[in-house]
Amino acid sequence: MIITIDGPAGTGKSSVSQEVARRLGYDFLDTGAMYRAIALAAIRQGVALDDADALGDLAERVQVDFDWTQNPPAVRLDGEVVAHLIRQEQVSSAASKVAVVARVRDAMVKLQQEVGRVRPNLVTEGRDQGTVVFPGAKLKVYLDATAEERARRRKLQLEAKGEQVDYEQLLQQIRERDARDSGRAVAPLKPAPGAVVIDTTTLTQQQVTEKIVELARERQ
Ligand code: DC
């Protein structure tokens, strides 16, 4: 069974998806990591982030896949594990620009559907997994939370890593990225038809995980 988990950044989506996969013994696919890998390739090769044709060529030229022996599976760019290089702010910002390009999305969607064929017990996490990539998935989940709560969570995360950040600036960045992800012409971020929408603002990650595992067991 395929479980799609979509929603904006800061909803705990990634941790929850990994934990749901672990509890059910399913594979876990982080599709954001794929857009991040393309963004890293663009930065490394000096491809302009507003040049849709060049980004489309790049996405069709490079190879993005995962080392499935690692937990969580580690994204690779042309065979090189780059999982540890794609979480910097520069790559995050570039990824949301790369992700508006239709040819980049087409290339990633094909790869994701192929993963779904090879690994049919899958928890797949992203923005368009329920709307575009796996519209027939047995369980589709959309996680949400207010922008303020997501900025607060992000601030705590960064502070835990020893980084000092301004809350207002984080909130502004989150709003800008939301606007880009929801406002784009191709595969805008929104709940899929039939998706279970969970507002995580006042829930712990454990509560959200529990809810999704319960839904999955009901539908198995
Ligand atoms: O979830 P994330 O922050 O790692 O995603 C990185 C960027 O890629 C973010 O701007 C949203 C975009 N993305 C997307 O458009 N479609 C997906 N399925 C996953 C991520």
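The values are calculated or read from the model by the stated rules, or taken from the named source; none is laboratory data. This is a predicted model, so every value here is computed, not measured. Cβ sites come from the backbone with ideal geometry, for glycine too, and all protein chains shown count toward neighbours. Quick note on the areas: whole protein, heavy atoms, side chains included, nothing else; ligands and nucleic acids left out. Shrake-Rupley method; radii C 1.70, N 1.55, O 1.52, S 1.80 Å.
Observations on the structure shown:
- Cα centroid of region 161-199 to Cα centroid of region 200-220, whole Å: 21 Å
- Computed with a 1.4 Å probe over protein heavy atoms only, the accessible area of L203 comes to about 50 Å².
- Over the chain, relative contact order from alpha-carbon pairs under 8 Å, at least 6 apart, %: 33 percent
- Dipole-positive endmost among Y26, T131, L58 within the chain (Cβ charges, Cα centre): Y26
- Kirkwood-based Rg to Rh ratio, the chain, C-alpha trace: 0.94
- Projected onto their three principal axes, the Cα atoms of region 86-145 cover extents of 35, 30, 19 Å, largest first.
- Averaging the sequence gap over all C-alpha pairs within less than 8 Å and six or more residues apart, then dividing by the number of residues, gives region 107-176 a relative contact order of 22 percent.
- Solvent-accessible area of K211, all protein chains in place: 100 Å² (probe radius 1.4 Å, heavy atoms, ligands and nucleic acids excluded).
- Summing Cβ point charges (Lys, Arg +1; Asp, Glu -1) relative to the Cα centre of the chain gives a dipole of roughly 440 debye.
- In sequence order, calculated HN-Hα J values of region 212-220 (Karplus, 6.51, -1.76, 1.60; Hz; x Gly/Pro): 6, 4, 4, 4, 5, 5, 4, 9, 5
- Relative contact order of region 141-220: 42 percent, from C-alpha pairs under 8 Å at least 6 residues apart in sequence.
- Cross-link partners of K110 among lysines, defined as those whose alpha carbon lies under 26 angstrom from its own and excluding same-chain residues fewer than eight positions apart: K13, K97, K138, K140, K190.
- On full extension, the segment bounded by A102 and R219 gains 38.8 nm, given 0.36 nm per residue less the C-alpha separation.
- A helix-only calculation puts the chain at -16000 deg cm²/dmol for mean residue ellipticity at 222 nm, using -39500 (n - 2.57) for each DSSP H run of at least four residues, averaged over all residues.
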